[in-house]
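A.B. asks: Before I ask anything, let me first share the structure, which is written out below as structure tokens.
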Amino acid sequence: MKTIVVKIGSNVLTRNDGSLDGTRMSAIVDQVAAIRKRGDRVVLVSSGAVAAGRNEVRARYALDTVSARQLYSTVGQAKLINRYYELFRDYGMTCGQVLTTKEGFGSRTHYLNQRHCIEVLLMHDVIPIINENDAVSVTELMFTDNDELSGLVAAMVDADMLIILSNIDGIYNGNPADPTSEVIRVVEPSVKDLSDVVVAGKSSFGRGGMLTKSRIALQAASEGIEVVVANGKRDDILLSVLDDPDTLCTRILPGEHVNGVKKWIAHSGDFTKGELYINDGAERTLFSPDHAASLLPVGIEEVSGNFRKGDLVDVISSRGGHLGVGCCEYSSSELKEVIGKKGMRPAIHYDYLHLDL
Ligand SMILES: Nc1ncnc2c1ncn2[C@@H]1O[C@H](COP(=O)(O)OP(=O)(O)O)[C@@H](O)[C@H]1O
Ligand SMILES: N[C@@H](CCC(=O)OP(=O)(O)O)C(=O)O
């Protein structure tokens, strides 16, 4: 049994005039039902609330972006989930709505609570349909877009595969509007960056564009999750991606599987509470390809920030470069007492350290 996270972009679910595309939603639900029948588990991350709400309610005065998002998303999310509910019910299936915020991924307790929620739904054969809680997400603490959310969810549920459905056939090796550009069919695990081929543009209803999609896709793949970017407007795309290796899409091949705690840490760069500045010897040891090393106090030159034991901290090189994120086993005041000393327990254990490779 595989766990497959499917992210559905706003553009997949909306027509050009912004109205909800019921036919497309129905086609996607048909495929999810077929995948479920084969025994695999499916988690949906669905955008579309703001787009679905736009046609339902008319603004009485010029709205700022936050007010517009709150107004349209609350109305649109009700419409969206209601439609999913009816469509899944036709298959005798149940779906459940999970609305979340970026803060929900910040602390380990919140994170585990959310993971438990998804697990309990899956255990009861309920298809989780996750979206950002746009009504209460303030700008600074928002996900870049639902691609970021889908990467977090895929890591959280230890997914085998993340399928990102957009309105385009995959990641192009240049501007998709340029006739010489082609879809990149396979991205090897060694590829760490696609920003030079992806142009910073997005579709009419999307939020983050292809740049976040490719960044999230590479990160999830580096954690051992196969990621596919495909066109959700094409018929039977999900089944085709799963069954036919020749399907037109971008497949980002997975690297080595990473354990759950490391995955959480890898996605938690926004929630660090301090910085550990390490010396060159410690840097060489951490990045040594031969063995897994923990960060010892002897290699730390300076500690900044105010953090408690168990908080996340950034690891910084002596030249100021960001090296990684880890869960610190000392509070900042305890750590300041022992930096530079030999024979102390690790400041960050290897299992709780994510390095930017
Ligand atoms: N190299 C590229 N390959 C594919 N699409 C790209 C590329 N660069 C920019 N884009 C744009 O990204 C859009 C998809 O991102 P986005 O608008 O966020 O969609 P979604 O709503 O599905 O999340 C495409 O429609 C395309 O206009
Ligand atoms: N939470 C928002 C999602 C916005 C968003 O990220 O959209 P997209 O770039 O299409 O995935 C909504 O439901 O409208």
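A.B. asks: Can you compute the modelled spin-label distance between F287 and R89, with each label point 7 Å from Cα toward Cβ, in nm?
C.D. replies: 5.7
A.B. asks: Counting Lys and Arg as +1 and Asp and Glu as -1, what is the net charge of the other residues whose Cβ lies under 12 Å from the Cβ of G305?
C.D. replies: Details: positive: K273, R308, K336; negative: E275, E302, D311, D314.
So the surrounding residues net to -1.
A.B. asks: Placing unit charges on C-beta atoms (Lys and Arg positive, Asp and Glu negative, everything else neutral), compute the dipole magnitude of the chain about its Cα centre in debye, rounded to 20. Spell out each step's value before the answer.
C.D. replies: Details: 38 positive and 47 negative charges, 168 e Å.
That gives the chain a dipole magnitude of about 800 debye.
A.B. asks: Can you tell me the mean projection area, over all orientations, of the convex hull of the range 3-258's alpha carbons? Units nm², please. Walk me through the intermediate numbers first.
C.D. replies: Numbers: hull surface 54.6 nm².
Average projection, Cα convex hull of the range 3-258: 13.6 nm².
A.B. asks: Roughly how tilted is helix 22-37, in degrees to the nearest 10 and between 0 and 90, from the longest Cα axis of the chain?
C.D. replies: For helix 22-37, the angle is close to 60 degrees.
A.B. asks: Compute and list, largest first, the equivalent-ellipsoid semi-axes of the range 310-357 from the alpha carbon gyration tensor, each √(5λ) rounded to a whole angstrom.
C.D. replies: Values: eigenvalues 64, 34, 21 Å².
Rounded to whole Å, the semi-axes are 18, 13, 10.
A.B. asks: Which whole-number value in Å² is the accessible area per residue of the range 297-347, probe 1.4 Å? Walk me through the intermediate numbers first.
C.D. replies: Working: 2550 Å² over 51 residues.
Dividing the accessible area of the range 297-347 by its residue count gives 50 Å².
A.B. asks: For K309, list the aspartates and glutamates whose Cα falls under 12 Å from its own Cα; do not include residues on the same chain fewer than 8 positions away.
C.D. replies: Cross-link targets: E329, E334.
A.B. asks: About the Cα centre of the range 15-55, what is the dipole size in debye to 20, counting +1 per Lys and Arg Cβ and -1 per Asp and Glu Cβ, all else neutral?
C.D. replies: Working: 7 positive and 4 negative charges, 35 e Å.
The dipole of the range 15-55 has a size of about 160 debye.
A.B. asks: Using Cα pairs closer than 8 Å and at least 6 residues apart in sequence, work out the relative contact order for the chain, in percent.
C.D. replies: Working: 732 pairs, mean separation 51.3, N = 357.
Computed over the chain, the figure is 14 percent.
A.B. asks: Can you find, among L162, V241, N146, the residue sitting farthest towards the positive end of the charge dipole of the chain, where Lys and Arg contribute +1 and Asp and Glu -1 at Cβ?
C.D. replies: N146
A.B. asks: Using r as the Cβ-Cβ distance of R345 and D158, and R0 as 41 Å, what FRET efficiency do you calculate, to the nearest 0.05?
C.D. replies: Details: r = 29 Å, r/R0 = 0.70.
Result of the calculation: an efficiency of 0.90.
A.B. asks: If Rh is defined by the Kirkwood formula over all Cα pairs and Rg also comes from Cα, what ratio Rg/Rh do you get for the range 272-355?
C.D. replies: On the way: Rg = 11.1 Å, Rh = 12.2 Å.
The Rg/Rh ratio comes out at 0.91.
A.B. asks: Could you tell me what fraction of 2.2 N^0.38 Å the Cα radius of gyration of the range 1-146 comes to, as a two-decimal ratio? Mind showing how you got there, number by number?
C.D. replies: On the way: Rg = 15.7 Å, N = 146, 2.2 N^0.38 = 14.6 Å.
So the Cα radius of gyration is 1.07 times the expected 2.2 N^0.38 Å.
A.B. asks: Taking a label point 7 Å from the Cα of N259 along the Cα→Cβ vector, which residues of the range 276-305 have an amide N closer than 16 Å to it?
C.D. replies: Inside the label zone: 291-295.
A.B. asks: Sticking with this one: Cα centroid distance between the range 207-240 and the range 74-122, in Å?
C.D. replies: After rounding, the separation between the Cα centres reads 20 Å.
A.B. asks: Additional query: Highest GNM mean-square fluctuation, the chain, Cα pairs closer than 10 Å: which of G321, G106, G48?
C.D. replies: The residue with the greatest mean-square fluctuation here is G321.
A.B. asks: When only C-alpha pairs under 8 Å and at least 6 residues apart count, what is the relative contact order of the range 1-159, in percent?
C.D. replies: Values: 236 pairs, mean separation 44.5, N = 159.
So the answer I get is 28 percent.
A.B. asks: Choose one of Q97, H110, L121: the residue whose Cα lies farthest towards the positive end of the charge dipole of the range 83-136 (beta-carbon charges +1 Lys, Arg; -1 Asp, Glu; about the Cα centre).
C.D. replies: Comparing the listed Cα positions along the dipole, H110 ranks first.
A.B. asks: Residues of the range 3-258: accessible area per residue at 1.4 Å, in Å²?
C.D. replies: Per residue, the range 3-258 has an accessible area of 45 Å².
A.B. asks: Now for a different question. Quickly work out the K273-to-N82 label distance, labels modelled 7 Å from Cα along the C-beta direction, and quote it in nm with one decimal.
C.D. replies: Going by the 7 Å Cα→Cβ label model, 4.4 nm.
A.B. asks: Return the carbon/sulfur percentage of the accessible area of the range 301-357, one whole number, probe 1.4 Å, all protein chains in place.
C.D. replies: On the way: 1470 of 3080 Å².
Its accessible area is 48 percent carbon and sulfur atoms.
A.B. asks: Ignoring everything except DSSP H segments at least 4 long, calculate the 222 nm mean residue ellipticity for the chain; use -39,500 (n - 2.57) per segment, divide by total residues, nearest 500.
C.D. replies: -10000 deg cm²/dmol
A.B. asks: Could you check which residue among A159, A220, A68 shows the biggest mean-square fluctuation in a GNM of the chain with a 10 Å Cα cutoff?
C.D. replies: A68
A.B. asks: Rank-order 37-44, 254-261, 54-61 by packing density, defined as the average count of other C-beta atoms within 10 Å over each peptide's residues, highest first. Intermediate results must be reported in sequence, preceding the final value.
C.D. replies: On the way: 37-44: 16.8, 254-261: 14.6, 54-61: 11.9.
The most tightly packed comes first, giving 37-44, 254-261, 54-61.
A.B. asks: As I understand it, the dipole of the chain uses +1 on the Cβ of Lys and Arg and -1 on the Cβ of Asp and Glu, about the Cα centre. Which of L20, A33, G321 lies farthest toward its positive end?
C.D. replies: Positive-end residue among those listed: L20.
A.B. asks: Taking all protein chains in place and a 1.4 Å probe, what share, in percent, of the accessible surface of the range 1-117 do carbon and sulfur account for? Working shown, then result.
C.D. replies: Working: 2630 of 5600 Å².
Accessible surface attributable to carbon and sulfur in the range 1-117 totals 47 percent.
The values are calculated or read from the model by the stated rules, or taken from the named source; none is laboratory data. Note that the structure is predicted; figures quoted are calculated from it, not measured. Every residue, glycine among them, receives a Cβ derived from its backbone with ideal geometry; neighbour counts consider all protein chains shown. The accessibility values were calculated without ligands, DNA or RNA, using every heavy atom of the protein model including side chains. Shrake-Rupley method; radii C 1.70, N 1.55, O 1.52, S 1.80 Å.
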